[in-house]
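Here the structure is laid out as structure tokens; the discussion comes afterwards.
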Amino acid sequence: MMNEKMENSVRDAAIIASAQKIEHYEISGYGTARAYAMQLGLSEVEDLLTATLNEEYEADDSLTALAFFDVNLPSRIWRSA
Ligand SMILES: [Fe+2]
């Protein structure tokens, strides 16, 4: 992606999308680990994973806001969607 020719705003949107993929992967992993902790009665671990999971959700929300409100994609991209 980094070697592709594209407008800066399109590149920004692509970078944000890639970062969100990572966040979603992390949310999946931490969510699963938290479920295991719950099943095993490991409440301290569960609490730590809940805190981490919430941080990941916040990061995802921040990236969504960044993509929607701070990246000015060329209007032709929106028209083609
Ligand atoms: Fe993260």
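Quick notes on this structure:
- Selection status of residue 57, more than 15 Å from the ligand (Cβ to nearest atom) and aromatic (Phe, Trp, Tyr): no
- Neighbours by Cβ (under 7 Å, 6+ apart or cross-chain): first from the range 1-27, free of Cβ contacts under 8 Å to residues at least 24 places away in the same chain; second among the aliphatic types (A, V, I, L, M) and surrounded by 10 or more Cβ atoms within 10 Å (Cβ to Cβ): 1/14
- For the residues 35, 65, 59, the requirement of being among the small types (Gly, Ala, Ser), modelled with pLDDT of 85 or more and surrounded by 15 or more Cβ atoms within 10 Å (Cβ to Cβ) singles out 59.
- Applying the set (1) open to solvent by 70 Å² or more (accessible area, probe 1.4 Å); (2) under 25 Å from residue 68 (Cβ atoms) to residue 11 leaves exactly one unmet item: (1).
- From the list 73, 42, the lone residue that is over 13 Å from the mean Cα position of the chain (by Cα) and either within 25 Å of residue 7 (Cβ to Cβ) or within 15 Å of the ligand (Cβ to nearest atom) (or both) is 73.
The values are calculated or read from the model by the stated rules, or taken from the named source; none is laboratory data. No experiment lies behind these values; they were computed from the predicted model shown. Here the Cβ is made from the backbone with ideal geometry for all residues, glycine too, and neighbour counts use every protein chain on show. Surface areas here come from the heavy atoms of the whole protein model, side chains and all, with no ligands, DNA or RNA. Shrake-Rupley method; radii C 1.70, N 1.55, O 1.52, S 1.80 Å.
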